[in-house]
1. Identify, by number, the condition in (1) out of contact with any helix residue (DSSP H, G or I) (no Cβ under 9 Å at 6 or more places or on another chain); (2) surrounded by fewer than 15 Cβ atoms within 10 Å (Cβ to Cβ); (3) at pLDDT below 90 that residue 88 doesn't meet.
2. For segment 116-141, what are the residues that are surrounded by 11 or more Cβ atoms within 10 Å (Cβ to Cβ) and modelled with pLDDT under 90?
3. Closer than 22 Å to residue 20 by Cα and modelled with pLDDT under 90: is that true of residue 144 in this structure?
4. Could you list, in sequence order, the residues of segment 92-109 that are surrounded by 11 or more Cβ atoms within 10 Å (Cβ to Cβ) and either over 29 Å from residue 35 (Cα atoms) or modelled with pLDDT under 90 (or both)?
5. Collect the residues in segment 63-76 that are assigned to a strand (DSSP E or B) and either modelled with pLDDT under 90 or crowded, with 17+ Cβ neighbours inside 10 Å (or both), keeping them in residue-number order.
6. Would you tally the residues in segment 35-62 being assigned to a loop (DSSP other than H, G, I, E, B), without any contact (Cβ under 8 Å) to a residue 60 or more places away in the chain and either within 16 Å of the chain's Cα centre (by Cα) or surrounded by 13 or more Cβ atoms within 10 Å (Cβ to Cβ) (or both)?
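The values are calculated or read from the model by the stated rules, or taken from the named source; none is laboratory data. All values reported here derive from a predicted model rather than from experimental measurement. For neighbour counting, all protein chains shown are included, and Cβ atoms are generated from backbone atoms with ideal geometry for every residue, glycine included.
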């Protein structure tokens, strides 16, 4: 059993590798993260999957018996690229990106940073700042 997380929202979960592991998709500070757990009692974290940035996983495919998963990952500067997750090595491989030849700007010149701001009631609010890579970011401290 995967324990409930106090802060992160569970978006989806499914089994893979003949049912030996569970993939769990959490919303963490307004960005989606994939974690892999085994089926010990209680479940133990096997791997945090390194995502290619701050974004969302709107589509994924992979079944109970499968040893690979394919997923789409969207960011503010990428309308959606397809990735493959190898369930033996837990490595993520980029397979296909969008064709954006008609744009007048090059989206690979941009990056996304996460910043934190305090609301009027003191709540730390995550925000995303999209900037050209050539522009230096302002440093923001993450909440404790």
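1. Going through (1) out of contact with any helix residue (DSSP H, G or I) (no Cβ under 9 Å at 6 or more places or on another chain); (2) surrounded by fewer than 15 Cβ atoms within 10 Å (Cβ to Cβ); (3) at pLDDT below 90 one by one, residue 88 breaks only (3).
2. Result: 137, 140.
3. No; evaluated as a whole, the condition is false for this residue.
4. Those that are surrounded by 11 or more Cβ atoms within 10 Å (Cβ to Cβ) and either over 29 Å from residue 35 (Cα atoms) or modelled with pLDDT under 90 (or both): 97, 98, 100, 107, 108, 109.
5. 69, 71, 72, 73, 74, 75
6. The total comes to 8.
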